[in-house]
Amino acid sequence: MDYNAGDYDIAVVGAGHAGCEAGLACARLGMKTLIFSISLEAIANMPCNPHIGGSSKGHLVREIDALGGEMGKNIDKTFTQLRMLNTSKGPAVHSLRAQADRKRYQEEMKHTLEKQENLYLKQAEIIDIGVKDKKVKYVKTNIGAVYHVDNVILATGTY
């Protein structure tokens, strides 16, 4: 049996780097935002190499930082090692990389999300996105909860 679980402006499906940043950006713009994660303990998880920076991700993180994002701020609070890469090459390819304390990074990002006004976290698996007349109407969880939303951001990451 489906039940109405509430009304939100935006639902973000996924709470990795992209989902966290998307949810924070929407909430900070004044939208009632809901982030879904299959596990609240996996928010901002770094399952592979726990680092921020490097040749490609470093540029992206700096752009996110310039727009008011949290990845850069969070790694500043939780890194265990900073290293400049490619120092044997020219300065155009030098790149800073920070190794994260995975658990602290997760805890800090989750805390940032929890204290953000207009942002709500839910542990659930989204199984359906309802669309009518080419407009999003709702998201539905695996236990039948239906959240009425105006927009959905899919940030399901590497899983």
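A few notes on this one:
- Boolean, A44 is open to solvent by 10 Å² or more (accessible area, probe 1.4 Å) and among the small types (G, A, S): no
- The test for being assigned to a helix (DSSP H, G or I), touching a Leu at 6+ places or on another chain (Cβ under 8 Å), without any contact (Cβ under 8 Å) to a residue 40 or more places away in the chain and not hydroxyl-bearing (S, T, Y) does not hold for E107.
- Just so you know, in region 30-41 the residues that are of a type in the set (S, T, N, Q) and outside any loop (DSSP other than H, G, I, E, B) include one that is surrounded by the fewest Cβ atoms within 10 Å (Cβ to Cβ), and it is S37.
- Any hit, region 72-79, residues being of a type in the set (S, T, Y), open to solvent by less than 90 Å² (accessible area, probe 1.4 Å) and over 16 Å from A25 (Cβ atoms): yes
- Residues located in region 113-129, provided they are crowded, with 16+ Cβ neighbours inside 10 Å and out of contact with any helix residue (DSSP H, G or I) (no Cβ under 8 Å at 6 or more places or on another chain): Y120, K122, A124, I126
- The residue list L82, L96 contains one member that is in a strand (DSSP E or B), open to solvent by 40 Å² or more (accessible area, probe 1.4 Å), touching a helix residue (DSSP H, G or I) at 6+ places or on another chain (Cβ under 7 Å) and on the phi < 0 side of the Ramachandran plot, which is L96.
- Looking across K137, K132, K110, one residue alone is touching a His at 6+ places or on another chain (Cβ under 8 Å), of a type in the set (K, R) and either open to solvent by 60 Å² or more (accessible area, probe 1.4 Å) or at pLDDT 95 or above (or both). It is K137.
- Criterion applied to D7, D2 was being closer than 20 Å to K137 by Cα, at pLDDT below 90 and exposed (fewer than 13 other Cβ atoms within 10 Å of the Cβ), and the one residue passing it is D2.
- Sub-9 Å Cβ pairs linking a first residue in region 12-33 that is without any contact (Cβ under 8 Å) to a residue 12 or more places away in the chain to a second residue that is open to solvent by less than 50 Å² (accessible area, probe 1.4 Å) and assigned to a loop (DSSP other than H, G, I, E, B), at least 6 apart or interchain, are L29/N118, ordered by first then second residue.
- Residue match in region 84-104 (condition: more than 23 Å from V12 (Cβ to Cβ) and β-branched (V, I, T)): yes
- E63 vs. criteria exposed (fewer than 15 other Cβ atoms within 10 Å of the Cβ) and either over 22 Å from V146 (Cα atoms) or aromatic (F, W, Y) (or both): yes
- So A44, is it in contact with a Cys (Cβ under 6 Å, 6 or more places away or on another chain) and either outside any helix (DSSP H, G or I) or in contact (Cβ under 8 Å) with a residue 12 or more places away in the chain (or both): yes
The values are calculated or read from the model by the stated rules, or taken from the named source; none is laboratory data. None of these values were measured; they are calculated from a predicted model. Counting neighbours? That spans all protein chains shown, and the Cβs are built from the backbone with ideal geometry, glycine included. These accessible areas exclude ligands, DNA and RNA; they are computed on the full protein's heavy atoms, side chains included. Shrake-Rupley method; radii C 1.70, N 1.55, O 1.52, S 1.80 Å.
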